[in-house]
């Protein structure tokens, strides 16, 4: 019976080590989520500044219609050389789905893919997938990405990844591949359960910006249409940065929830193992007492 006790002791020790690893992973995930959310204020301030600048330029009446057309040339990516019949033939929709690079995030990637397919699956012609785990989950749902990239492992990598996504999208447009709609599907942090959001990048919504009402127009050193196009590109970049940062925070919150669930299971296993250890130890003690009593009685009979 001592062999069984030794085996259970080893399992208890290994479970305690696993509990320590889970606690460390939970702490790291919580720290990364907090750091990501702390950087959102700067991203949103940049978006507000770019939005105000777009409103200032759109206030120029002669430029208003030209600005929309110029922004549409690259940001909206609708090719004027493709007729409506061809547009309907290939769908013309691009969906960017932002998932996770690492595991231990529950069913986050599967839910992201399922949500994206419910929203735009019938219209999406090209999928752009961010995160190796997401790519694997998408393959399980029958979704193949036309382009993919690893998700960042630290908030510092968000701007560079946003540039990669924007460059890949614009490279597609430069090749003459139009897109009537570009949307981004990602997870949101801040809740005890998973929340998924969809953001439309194309067509670019100018109505969200407050057009300046001042009588004196701004002094411009570049053509207004070129300025608006550049501002739109920058605004799309900032939107991608915000989406990636929110998704990174949500991924780590999902990992915290997964680690809490894992710790609850570990604690239950420890309780079960401890109870089994005590029961076996009690049986062993009882067996020793019985053996001693039996041996003592036999010795007295022999002496008598």
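Return the residue satisfying two criteria in turn: it lies in region 35-51 and is free of Cβ contacts under 8 Å to residues at least 40 places away in the same chain and either outside the structural domain of residue 239 (by TED's automatic domain parsing) or over 21 Å from the mean Cα position of the chain (by Cα) (or both), and of such residues it is surrounded by the most Cβ atoms within 10 Å (Cβ to Cβ).
Taking region 35-51 and keeping what is free of Cβ contacts under 8 Å to residues at least 40 places away in the same chain, we get 38, 41-42, 45, 48-49.
Now narrow it down to the ones that are either outside the structural domain of residue 239 (by TED's automatic domain parsing) or over 21 Å from the mean Cα position of the chain (by Cα) (or both): 45, 48-49.
Numbers: 45: 11, 48: 11, 49: 14.
My answer is 49.
Would you call residue 239 more than 30 Å from residue 104 (Cβ to Cβ), in a helix (DSSP H, G or I) and touching a helix residue (DSSP H, G or I) at 6+ places or on another chain (Cβ under 8 Å)? In short, no.
Collect the residues in region 108-120 that are out of contact with any helix residue (DSSP H, G or I) (no Cβ under 7 Å at 6 or more places or on another chain) and touching a residue at least 12 places away in the same chain (Cβ under 8 Å), keeping them in residue-number order. 111, 114, 115, 116, 117, 119, 120, listed by residue number.
Would you mind stating whether residue 186 is in the same structural domain as residue 99 (by TED's automatic domain parsing) and part of a strand (DSSP E or B)? Let's see the steps before the verdict.
On the way: in the same structural domain as residue 99 (by TED's automatic domain parsing): yes; part of a strand (DSSP E or B): yes.
Yes; evaluated as a whole, the condition is true for this residue.
The criterion of at least 3 residues that are at pLDDT below 90 is met by the following helices (runs of 4 or more DSSP H) wholly inside region 55-169: 61-71, 84-90, 108-120.
Scanning region 220-230 for residues that are in contact (Cβ under 8 Å) with a residue 12 or more places away in the chain and surrounded by fewer than 24 Cβ atoms within 10 Å (Cβ to Cβ) gives 220, 224, 225, 226, 227, 229.
Annotation note: of 203, 217, the sole residue that is surrounded by 14 or more Cβ atoms within 10 Å (Cβ to Cβ) and either more than 30 Å from residue 108 (Cα to Cα) or over 28 Å from the mean Cα position of the chain (by Cα) (or both) is 217. Of the residues that make up region 191-210, is at least one in a loop (DSSP other than H, G, I, E, B), without any contact (Cβ under 8 Å) to a residue 24 or more places away in the chain and farther than 30 Å from residue 31 by Cβ? Yes, region 191-210 contains a residue that is in a loop (DSSP other than H, G, I, E, B), without any contact (Cβ under 8 Å) to a residue 24 or more places away in the chain and farther than 30 Å from residue 31 by Cβ.
The values are calculated or read from the model by the stated rules, or taken from the named source; none is laboratory data. All of these numbers come straight from a predicted model, not from anything done at the bench. Positions of Cβ are generated from backbone atoms using ideal geometry, with glycine treated the same way; all protein chains shown enter the neighbour counts.
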